[in-house]
Every structure is written in structure tokens, then in C-alpha cells.
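Here's the structure we're looking at; comments come further down.
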Amino acid sequence: MKRLTKKQMIIFAIGQLGWSTLSGIITTWLVTFYLPTAGDIEAGAIQYIIPGLVIGGFMTVLGLISALGRVFDAITDPLIASLSDRSKNPRGRRTPFMQYSALPLAIVTVLVFCPFWGPKDPMNIVWVSVMLVLFYLFMTMYCTPYNSLISEYGKTQEDRMFISTSISLTFFVGTLLAYVPFVLAGALRGAGLSFAWSYRVPFIVLAVIALVSMLLPTFLIKEKEFVETKPSEVNVFKSLGATFKNKDFRVFVGSDVMYWVGLTMFQTGLPFFVKVSMGLGESMVLVFLGSMTVLSAVFYPFVTKLVKKFGKKKLVIFGFLGLAVAYAIAACTYFVGGKGGALGWVLGIAIVIIAAFPMALLGIIPQSIVADVAEAEGVVTGENREGMFFAARTFAMKFGQSLALILFTSLAIIGTQQSTEASEIVPSLIGLLVVAIVAIVFCVLGAVILMFYREKHVMKLIAKEGDEAFMQAVEANNTKEEE
């Protein structure tokens, strides 16, 4: 079968730009749109959903809706993966799913922000709930087959790392595009649009861009010309069970859960570390996050070269430990006491610099490890279940993220009394210190667990012509690995 050219790999990566833009819209704007601040309400924002911590005194209605949506999402992951793995469509196992889901995904993303009822009407809760469920369904229908193609299009380790790096960059660009309404909304309100439509119009434009991006690889790359695999005959339950019977995948998933818990606690907590512990202005949150993301992207082109020298396993372990150091610096912000000043700035800058490189490593390499394990399983069993491996990895990600949010909201408020009228929690200095320490523990655990991953064993099963440099790195860094 043919190999993708570098140009075709970039076209493939553009698909990730599309869905990451839509995902970024939901992640960035759902809370902002439906839980407006007092200033937003003065500017014309409507409270479509009841505000306040009204579910058990610690969760908003919107938080419960989002949590239920993620549960539904986790259930559909293996179902879509199994359908994709077993597909006998003449156009390929993955492309049809991507084509059929792209348009409804773009439409539903906009509809999430278009309730038809007035302020605090219960029907708005129903509307948002249904639209979010549909969003996650169509997102899974696109992303699970898409991620499976990383393994199938990546014929060699060089190709696989190039694809992983490219989709990490397009994910970064898509996430940045989701912030565009911050820039445009004020100007659109000045031109006469209502508060709601000043956001909906940019959402519509971004959804069109995302739709085109998602469809490009499905029409410009003919899957059947590059992938020749026998559809799996195993049903969803047997496939999922067989996936988790793979020793190396279990090790990876265990480590990956630790990563997502640590990373999500960090991303969720950083705004509070900046405002509460460092005592810096709210505008510095975007400055630090933006700087960290850009600096991380600068390191992307060097990751493949490092993998050729050190292998994937060692670099991911280094990434875990690097993030642990960043969290240790975040813990030190406790001693600033929210007073701001030079120390707060120094610690903030140190976090940005220290965290950027580990985030580059952990943003690229794990995807290619899943592809390696999935291919090795196919070599051993003859079953091509790439979709299920990536779906299981996605489930680990969502589980880790959900656990992190529960831990953060529970730990960050230690020593405080929360107002049930507020839409957000109010963390304390001691609570944020505990959050940082717990995040360090998860990162170290992730590194320890990954030490049991048999990189040399997996690579020997899938090594091809052109993978010599990668194999030499594995041999040099895993000489004592048990076969």
C-alpha cells in the first residue's frame, strides 16, 4: 500500500484543527455564555440557566449537565470504535464516519448556544442537555475513526511521529481559534448586535471553518489507497475486553489516567494560582496560559529528533517528572500569600518555562504509543482494532479529567465557606497548596507506572524498513527490558 506524502499528512492534520475548534468553543464558552458575570448582565447577557451552586451546594445546574454529557460520551466511545473497526464500507472503515458526522457536529455546536426560551426557563436546561449529548455523539463519531487513522496512515515511526506532531500543532491552532470571540464580541455589540448574537455570529463563522477543515482529509485522501486491513469480526464487548487484556496497553492507560488527572488539575488550577496565590491580575491568566502554549509549540519540531535518540518511553517519563517540578513551583506560590509583587511574577514565569517542554512531549508522544500498541496487537492476533484502542485511550482521558475536576473542587476549597448563590467555587491558599501536592503525586505515579511499559517488545513486533534509528534508541535505552 502507498504511504502518505508529507503534504497529505498535513492535510490529514487539518481535520484535527476542525474538531478542536468546535471542542474549544464548548470548553471555553459554555460556562461563560450560560453563567454570565454581573458585568455581562449589564451589557445585555441573559441568564438562560439558573445560576448558583444549587446541586448539593457544590455544583451548578450547568456542571451537572456537562457531567452527564461526559458520561454519555464515555459510553459511546467503545460503541463507535467497534462499529468503525467492523465496517466493511468500500470507501474505508473510517472515512464514512468522519464525513457523516462533520456537518451535524458543526451545526450542533452552534445550536448549544441557541436556546429558544426566556431567562431561567427550565426548557433551556432540556435544550442544552440534548444539544450537548448530540455534540458528544457526533464528536465521537468523527474523532474515534480519525484517531484510528494515526496508526493506519503512519506506516513508519517517522510518519507516525510527523502525524502526531502535525495534529498537535493543528490542535493548538484550533484551540486558539476558539478564543476569537473574545476579540470580536465587543465590536459586534458596538455594531448593534445583542449580547448573545455577538457570540453566536463568531461561533457560526468558526463552525463553517471547522466543517471545511474536517471534510478536507476525507475528500483529498482516499483511505483505501493507503489502508488495507481486514475488518474486525469481534463485537464491542469482546473487543473492549481484548483491548484491556493487552499488558502494555494496561500499563499505558494506567499511566495516562495519572497524566490527565495531573494535567487537568494544573489547567483548571492555574487561573486560581495566578489570581489567588500569586495575587496577580486576571489578565495575567491569559498571558501565562498563552505563553506556555506558544512556548510548548516551539518545542514540537524537536520531539521526533529526541525520540530517535532516547525512545518514547524515557521521554514521556521525563515529561511526567517535568510537570511534577512545575507543580512544585506552583505549590511555592502559597508563600506569596496572594500579595503579588516580584516573587509572584518570578514563580509565574518559572511555571511557564518549566511546564512548556514536558507539555510538548506529553502532547505528541502518547498518541504514537497507542498507535504502536494497537499495531503490535494486530500483528499478534490478526485483529485490526485500532479504533477500540484509541477509544479506550479516550475513555482514560475523560475518566482522568472527570476525576481531576472532582478532586480540584473538593480540595481547593479546604478551609473556606462557599456561597450557594455563587456560580463558581472560591479556593483558599491552603486548598491550592494541597491541589499542587496531589498533582505532583499523580505525575510521579504516572512516571512509575510507565516504567513497566515494554517499549522494546512492542517495537520489535512492528519495526519496518526505515525505523532503524528509532530501534537503536529503544535498544540503547531499554537493554534490560523483559521480553
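The values are calculated or read from the model by the stated rules, or taken from the named source; none is laboratory data. Since the model is a prediction, treat every value here as computed from it, not as a measurement. Note that each Cβ is placed from the backbone with ideal geometry, even for glycine, and that neighbours are counted across all protein chains shown. Surface areas here come from the heavy atoms of the whole protein model, side chains and all, with no ligands, DNA or RNA. Shrake-Rupley method; radii C 1.70, N 1.55, O 1.52, S 1.80 Å.
The helices (runs of 4 or more DSSP H) falling completely within segment 1-110 that include 3 or more residues that are of a type outside the set (Asp, Glu) and in contact with a strand residue (DSSP E or B) (Cβ under 8 Å, 6 or more places away or on another chain) map to 61-85.
Among the residues that make up segment 129-142, is at least one of them closer than 30 Å to GLN417 by Cα, open to solvent by less than 50 Å² (accessible area, probe 1.4 Å) and in contact (Cβ under 8 Å) with a residue 12 or more places away in the chain? Yes, that holds for at least one residue. Within segment 206-230, the set of residues being assigned to a loop (DSSP other than H, G, I, E, B) and open to solvent by less than 30 Å² (accessible area, probe 1.4 Å) comprises ILE221, VAL227. The condition of being more than 23 Å from PHE135 (Cβ to Cβ) and open to solvent by 10 Å² or more (accessible area, probe 1.4 Å) holds for only one of VAL173, VAL253, that being VAL253. If only residues of segment 29-60 that are within 25 Å of the chain's Cα centre (by Cα), open to solvent by less than 40 Å² (accessible area, probe 1.4 Å) and aliphatic (A, V, I, L, M) are counted, the one that is modelled with the highest pLDDT is LEU30.
MET141 passes every criterion in (1) farther than 28 Å from GLY118 by Cα; (2) of a type in the set (A, V, I, L, M, F, W, C); (3) modelled with pLDDT under 90 apart from (3). The set of residues from segment 430-448 being open to solvent by 50 Å² or more (accessible area, probe 1.4 Å) and among the β-branched types (Val, Ile, Thr) comprises ILE430, ILE437, VAL441, VAL444, VAL448. Here is a check on your reading of the model: is THR243 part of a helix (DSSP H, G or I), of a type in the set (Ser, Thr, Tyr) and more than 20 Å from the chain's Cα centre (by Cα)? So THR243 fits the description; yes. For segment 1-28, filtering for residues that are under 15 Å from the mean Cα position of the chain (by Cα) and open to solvent by 40 Å² or more (accessible area, probe 1.4 Å) leaves 1.
Residues checked against (1) crowded, with 16+ Cβ neighbours inside 10 Å; (2) assigned to a helix (DSSP H, G or I); (3) over 21 Å from the mean Cα position of the chain (by Cα); (4) free of Cβ contacts under 8 Å to residues at least 60 places away in the same chain:
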residue	(1), (2), (3), (4)
TYR259	yes, yes, no, no
LEU270	yes, yes, no, no
VAL276	yes, yes, yes, no
TYR300	yes, yes, no, no
VAL316	yes, yes, no, no
PHE320	yes, yes, no, no
ALA331	yes, yes, yes, no
LEU343	yes, yes, yes, yes
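Checking each residue in segment 177-193 for being in contact (Cβ under 8 Å) with a residue 60 or more places away in the chain, assigned to a helix (DSSP H, G or I) and open to solvent by 60 Å² or more (accessible area, probe 1.4 Å) picks out only ARG189. Within segment 64-105, the set of residues being over 20 Å from SER20 (Cα atoms) and open to solvent by less than 30 Å² (accessible area, probe 1.4 Å) comprises ILE65, PRO78, SER82, SER84, ASP85, SER87, GLY92, ARG93.
Among the residues of segment 302-314, how many are in a helix (DSSP H, G or I) and open to solvent by less than 30 Å² (accessible area, probe 1.4 Å)?
Adding up the residues that qualify gives 5.
The residues in segment 398-408 that are in contact (Cβ under 8 Å) with a residue 24 or more places away in the chain and surrounded by fewer than 20 Cβ atoms within 10 Å (Cβ to Cβ) can be counted, and the count is 7. Across segment 226-255, the number of residues qualifying as in contact (Cβ under 8 Å) with a residue 60 or more places away in the chain and either over 21 Å from SER84 (Cβ atoms) or among the hydrophobic types (A, V, I, L, M, F, W, C) (or both) comes to 15. All conditions but one from (1) within 23 Å of TYR100 (Cα to Cα); (2) at pLDDT 95 or above; (3) out of contact with any Ser or Thr (no Cβ under 9 Å at 6 or more places or on another chain) apply to PHE203; the one that does not is (3).
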